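Just below is one structure, and these are the notes that go with it.
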Amino acid sequence: MKQFILLAAMMTASIAYASEPNDTITVNNAHKVTIVNSDSLLQVEVNGKDGKPGFHYMATLRNTDGNYESSSMGGLFNFSIVNKFGKNKKRPPLYYSNLHVFFGFNGAAGNDDVVNTNMWQGINIGTYIDWGVNPWRDGHRFSAGIGLEWKNYRMTSRKQFVKADNGNVTVEPLGDNVEPKFSRIKTFSLIFPIMYSYQQSGWGFSLGPVINCTTHSSIKTRYKVNGEKHKDKYKDLHPSAVTVDIMGTIITPWLLNFYVKYNPCDILDTEYGPKFHSLSVGFMI
């Protein structure tokens, strides 16, 4: 019991003073501190602090057959974890949140060569924020997020995307006297990634579905006729409202990671446009 009282003093002091910044959490002017003490359990809970009334932190020390086991839990955006008496002091936080930005290349797939795009000139760009949990704090992670994404399907051959008056989208040839530059379809979507990831020593991978809710689509075609520049534009191409990408990433110890995404769903409603899927590869931070 005396040993528990000593440990209680140490844990309480660690909340008030930061003599070891890497191993200690400092909470100045805590609104409420609750200490639970029994023969086998010592728990310190902090609720609220100046400037952050929703702050929450809890540290627990258990005595199991003479062996001390410690754990701690912060609020959703307070991820510092203390484990002074455990064997592993570098366990990842229970909860985490990350901002991701990705940039890559995008092209059409699964279309029997009707939509023949140049993948390395099509752009895939977006960003999302996710919230996750490390349930066992051993490298396995589960997360869900929300973000924005643009995809560009770009043809550079002698073909163009055309939207007719009845709303149908087709792929049509350009005239013999036309000098093509590009013809592209662009989509904008809200995205909801749901990922599983595993990481050890900086290296890892992630895999999961990304739900796309497409809210905008357009066509732009640029070409020259007898040296004169022309531009055709169309909107509202009847995109599929909801599709699902399968995304995998390779996680590296550095800032830059790699991703690949494949969407097996029809990008456009096939009652109005050609059948094609999407394939994207690129970099993520």
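Mind checking which residues of the range 230-250 are part of a strand (DSSP E or B) and farther than 13 Å from Gly208 by Cβ? Result: His230, Lys231, Asp232, Lys233, Tyr234, Lys235, Pro239, Val242, Thr243, Ile250.
Scan the range 127-147 and give yes if some residue there is assigned to a strand (DSSP E or B), small (Gly, Ala, Ser) and touching a Leu at 6+ places or on another chain (Cβ under 9 Å), otherwise no.
Checked the range 127-147: at least one residue is assigned to a strand (DSSP E or B), small (Gly, Ala, Ser) and touching a Leu at 6+ places or on another chain (Cβ under 9 Å).
The criterion of at least 1 residues that are out of contact with any Leu (no Cβ under 9 Å at 6 or more places or on another chain), closer than 17 Å to Met284 by Cβ and at pLDDT below 95 is met by the following strands (runs of 3 or more DSSP E) wholly inside the range 148-219: 178-200. Quick check on the range 165-220: of everything there that is of a type in the set (A, V, I, L, M, F, W, C) and free of Cβ contacts under 8 Å to residues at least 40 places away in the same chain, which residue is farthest from Ile250 (Cα to Cα)? If we take residues in the range 165-220 being of a type in the set (A, V, I, L, M, F, W, C) and free of Cβ contacts under 8 Å to residues at least 40 places away in the same chain, then Cys213 is farthest from Ile250 (Cα to Cα). In the range 42-57, the qualifying residues are those that are assigned to a strand (DSSP E or B) and open to solvent by 50 Å² or more (accessible area, probe 1.4 Å), and the one that is modelled with the highest pLDDT is Asn47.
Which members of the range 268-285 meet the condition of being buried (at least 20 other Cβ atoms within 10 Å of the Cβ) and among the polar types (S, T, N, Q)? Those that are buried (at least 20 other Cβ atoms within 10 Å of the Cβ) and among the polar types (S, T, N, Q): Ser278, Ser280.
All of Asn111, Asn106, Asn88 fail the test of being under 29 Å from Phe283 (Cβ atoms) and either at pLDDT 95 or above or open to solvent by 60 Å² or more (accessible area, probe 1.4 Å) (or both), apart from Asn106. Among the conditions (1) assigned to a loop (DSSP other than H, G, I, E, B); (2) touching a residue at least 12 places away in the same chain (Cβ under 8 Å), Thr270 misses just one, which is (2).
Can you find even one residue in the range 157-164 that is open to solvent by 20 Å² or more (accessible area, probe 1.4 Å), among the aliphatic types (A, V, I, L, M), in contact (Cβ under 8 Å) with a residue 24 or more places away in the chain and closer than 18 Å to Lys231 by Cβ? I'd like the intermediate steps shown before the answer.
Of all residues in the range 157-164, those open to solvent by 20 Å² or more (accessible area, probe 1.4 Å) come to 157-160, 162-164.
Okay, now just the ones that are also among the aliphatic types (A, V, I, L, M), so 162, 164.
Within this subset, residues satisfying the condition of being in contact (Cβ under 8 Å) with a residue 24 or more places away in the chain are 162.
When the remaining residues are screened for being closer than 18 Å to Lys231 by Cβ, the result is 162.
Among the residues of the range 157-164, at least one is open to solvent by 20 Å² or more (accessible area, probe 1.4 Å), among the aliphatic types (A, V, I, L, M), in contact (Cβ under 8 Å) with a residue 24 or more places away in the chain and closer than 18 Å to Lys231 by Cβ, which makes the answer yes.
Hey, does the range 177-191 have a residue that's among the aliphatic types (A, V, I, L, M) and either on the phi > 0 side of the Ramachandran plot or more than 14 Å from the chain's Cα centre (by Cα) (or both)?
There is at least one residue in the range 177-191 that is among the aliphatic types (A, V, I, L, M) and either on the phi > 0 side of the Ramachandran plot or more than 14 Å from the chain's Cα centre (by Cα) (or both).
Of the residues in the range 260-267, none is open to solvent by less than 10 Å² (accessible area, probe 1.4 Å) and either outside any strand (DSSP E or B) or farther than 22 Å from Thr117 by Cβ (or both).
Across the range 201-254, the number of residues qualifying as open to solvent by 80 Å² or more (accessible area, probe 1.4 Å) and either on the phi > 0 side of the Ramachandran plot or touching a helix residue (DSSP H, G or I) at 6+ places or on another chain (Cβ under 8 Å) (or both) comes to 3. In the set (1) surrounded by fewer than 16 Cβ atoms within 10 Å (Cβ to Cβ); (2) touching a helix residue (DSSP H, G or I) at 6+ places or on another chain (Cβ under 7 Å), the condition left unmet by Arg154 is number (1). Please verify whether Asn106 is assigned to a strand (DSSP E or B) and of a type in the set (S, T, N, Q), treating the condition exactly as stated. So Asn106 fits the description; yes.
The values are calculated or read from the model by the stated rules, or taken from the named source; none is laboratory data. Given the structure is predicted, the values throughout are model-derived calculations rather than measurements. A quick note on method: Cβ atoms are made from the backbone with ideal geometry, for glycine too, and the neighbour counts reach across all protein chains shown. Please note that ligands, DNA and RNA were not included when accessible areas were found on the heavy atoms of the full protein model with its side chains. Shrake-Rupley method; radii C 1.70, N 1.55, O 1.52, S 1.80 Å.
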